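Here is the structure we will look at, set down as structure tokens.
Derivation of every value follows stated rules applied to the coordinates shown; laboratory data play no part. Note that the structure is a prediction, hence the values are computed from the model and not measured. Quick reminder, even Gly has a Cβ in these numbers, built from the backbone with ideal geometry, and neighbours come from all protein chains shown.
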Amino acid sequence: MGSDFYCDEVLSGRTSVERVLETANVLAYHHTRPFYPVHIVVFPKRHVDSLLTLDDPHLLAEMVDVIQEVAGQVLAEHGACRILTNLGDYQDSKHLHWHVIHGEALG
């Protein structure tokens, strides 16, 4: 299993993040090393390996609500956004997370 930045760093407080939206079970924050001009990460506060292992429909619904609100904010401010999650080798941190992004990839 790879490293879990979200549990090990963000939730532990070792890495400070700029929160965008937070619920009882989900956190959205500005990426600490953004790949896009707007790069927000949304993840569950309890460990879930990936979208394929998520078996809690209530947590999924709460995550979608947060993603929807964050995406709506980005869309209202910038006119467009993309939402994505990664699996397998594309998933650097083995903790389910979504990216809400706008703009072209940085450098």
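Values computed for the structure shown
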item	result
The chain - Rg over Rh from alpha carbon coordinates, Kirkwood radius	0.94
Inter-label distance, nm, simple model (7 Å from Cα along the C-beta direction), Asp92/Glu104	2.1
GluC sites (Glu not before Pro) restricted to the range 13-106 and DSSP loop, no more than 16 other C-beta within 10 Å	Glu104
Relative contact order for the chain, counting Cα pairs under 8 Å that sit 6 or more residues apart, in percent	34
Principal-axis tilt of helix 57-78 within the chain, Cα atoms, nearest 10 degrees	20
Amide N of the range 66-107 lying under 17 Å from the label point, which is placed 7 angstrom from the Cα of Arg46 along Cα→Cβ	95-97
